[in-house]
Amino acid sequence: MSSAAPADALPGQRPEYEFAVEPRSQWALTRRRFLRHRLAAVSLLIFAFVVTAGLFAGPLAPYEYTHIDVHALNAGPSWSHLFGTDSVGHDYFSRVLVGLGVEVRIVLLVGVFGTLIGMLLGATAGYFGGLFDNLVMRGIDVLLTMPPLVVLLVGASYLHATTLVEISILIACVVWMPVARVVRASCLSLREMEYIEAARAMGASDVRIIVRQVLPNASGTVAVAASLMTAGAVILETTIAFLGFG
């Protein structure tokens, strides 16, 4: 079929036999595949609702965290106190929102820092392999043998980490290893694919191949590992807060 435009085509008008194909990146394809999964999309909406409620806990909470209502001790749920009150008169609903806000901030910070550390080391180790891969994986094996709670308690005490950001970064430095192992395993298989070889043949740099080809195809396993990591981070933070280090 000839690619020349017909003689009666108007200037600027696309010929009928041409197809307008919009290029899509790997990230766009991954996002589209995720949104087509109904359960995943509904879970994302619920997660977004919980995160929004936690981030805006201050304006949404009807009472302050330390507010005491002496006229409602051990009260049941009502319009004034949706979740009731404790024996001192604290509003449960306000305290749940405030506590949710703290946990949401910790989850977001730990998820970002921990996932970035794990993805960076895991992707580079799995893609390049060789001596660097052996050094990274042996270091991860050593770190995994250490009890995370003990390491976190020692680190929080030695570094005097008491703020939310400091505790979150410290937790991220303790729990990133499973994400690195998952990303490294995915990169070991993905680097042998034909499209990776084609990208190398076209002169694409290693950084571009990792960012544009490898990581988008490993996003599913990364998301699962990151969710498990953040769940463990919440348990660690609750434990050290109970012991008086948070």
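The values are calculated or read from the model by the stated rules, or taken from the named source; none is laboratory data. In this text, all values refer to a predicted model and were calculated from it rather than measured experimentally. Don't worry about glycine lacking a Cβ; one is built from the backbone with ideal geometry, like all the others, and counts go over all protein chains shown.
Just to verify a result, which residue in the stretch 55-81, among those that are closer than 27 Å to LEU108 by Cβ and aromatic (Phe, Trp, Tyr), is modelled with the lowest pLDDT?
TYR65
Go through the residues of the stretch 183-202 one by one and say whether even a single one is under 14 Å from THR115 (Cα atoms), among the aliphatic types (A, V, I, L, M) and at pLDDT 80 or above.
yes
Quick check: anything in the stretch 57-68 under 25 Å from GLU166 (Cβ atoms), among the β-branched types (Val, Ile, Thr) and not in a helix (DSSP H, G or I)?
Yes, the stretch 57-68 contains a residue that is under 25 Å from GLU166 (Cβ atoms), among the β-branched types (Val, Ile, Thr) and not in a helix (DSSP H, G or I).
Which one is surrounded by the most Cβ atoms within 10 Å (Cβ to Cβ), of the residues in the stretch 79-98 that are touching a strand residue (DSSP E or B) at 6+ places or on another chain (Cβ under 9 Å), of a type outside the set (A, V, I, L, M) and assigned to a loop (DSSP other than H, G, I, E, B)?
Initial filter on the stretch 79-98 (touching a strand residue (DSSP E or B) at 6+ places or on another chain (Cβ under 9 Å)): 80-85, 91-92.
Checking the rest, the ones that are also of a type outside the set (A, V, I, L, M) come to 80-81, 83-85, 91-92.
Applying the additional criterion that residues be assigned to a loop (DSSP other than H, G, I, E, B) yields 80-81, 83-84.
On the way: SER80: 15, HIS81: 20, PHE83: 16, GLY84: 16.
Step by step, filter the stretch 79-98, then rank; the result is HIS81.
Considering only the stretch 234-246, I want to know if a residue exists there that is polar (S, T, N, Q), part of a helix (DSSP H, G or I) and either touching a His at 6+ places or on another chain (Cβ under 6 Å) or crowded, with 20+ Cβ neighbours inside 10 Å (or both). Before the answer, list the steps.
Pass one, the stretch 234-246, residues polar (S, T, N, Q): 238-239.
Next, from what is left, pick out any that are part of a helix (DSSP H, G or I): 238-239.
Cutting the leftovers down to either touching a His at 6+ places or on another chain (Cβ under 6 Å) or crowded, with 20+ Cβ neighbours inside 10 Å (or both) gives us none.
The answer is no; no qualifying residue exists.
Could you identify the single residue in THR145, THR52, THR85 that is modelled with pLDDT of 85 or more, in contact with a Phe, Trp or Tyr (Cβ under 8 Å, 6 or more places away or on another chain) and either under 30 Å from ILE209 (Cβ atoms) or of a type in the set (Val, Ile, Thr) (or both)?
THR85
Among the numbered criteria (1) of a type in the set (Asp, Glu); (2) within 22 Å of ILE209 (Cα to Cα); (3) exposed (fewer than 15 other Cβ atoms within 10 Å of the Cβ), which single criterion is violated by ASP133?
(3)
Might you check whether a residue that is surrounded by fewer than 15 Cβ atoms within 10 Å (Cβ to Cβ) and either under 16 Å from MET119 (Cβ atoms) or among the aliphatic types (A, V, I, L, M) (or both) occurs anywhere in the stretch 165-179?
Looking through the stretch 165-179, at least one residue is surrounded by fewer than 15 Cβ atoms within 10 Å (Cβ to Cβ) and either under 16 Å from MET119 (Cβ atoms) or among the aliphatic types (A, V, I, L, M) (or both).
So, GLY76, is that one out of contact with any Phe, Trp or Tyr (no Cβ under 7 Å at 6 or more places or on another chain), surrounded by 15 or more Cβ atoms within 10 Å (Cβ to Cβ), over 27 Å from LEU228 (Cα atoms) and not aliphatic (A, V, I, L, M) or not?
For GLY76, the condition - out of contact with any Phe, Trp or Tyr (no Cβ under 7 Å at 6 or more places or on another chain), surrounded by 15 or more Cβ atoms within 10 Å (Cβ to Cβ), over 27 Å from LEU228 (Cα atoms) and not aliphatic (A, V, I, L, M) - is not met.
Answer yes or no as to whether LEU10 is at pLDDT 85 or above and either under 28 Å from the mean Cα position of the chain (by Cα) or farther than 30 Å from ILE210 by Cβ (or both).
It is false that LEU10 is at pLDDT 85 or above and either under 28 Å from the mean Cα position of the chain (by Cα) or farther than 30 Å from ILE210 by Cβ (or both).
Mind counting the residues in the stretch 196-232 that are assigned to a helix (DSSP H, G or I), under 23 Å from PHE34 (Cβ atoms) and of a type in the set (A, V, I, L, M, F, W, C)?
Summing the residues that are assigned to a helix (DSSP H, G or I), under 23 Å from PHE34 (Cβ atoms) and of a type in the set (A, V, I, L, M, F, W, C) in the stretch 196-232 gives 14.
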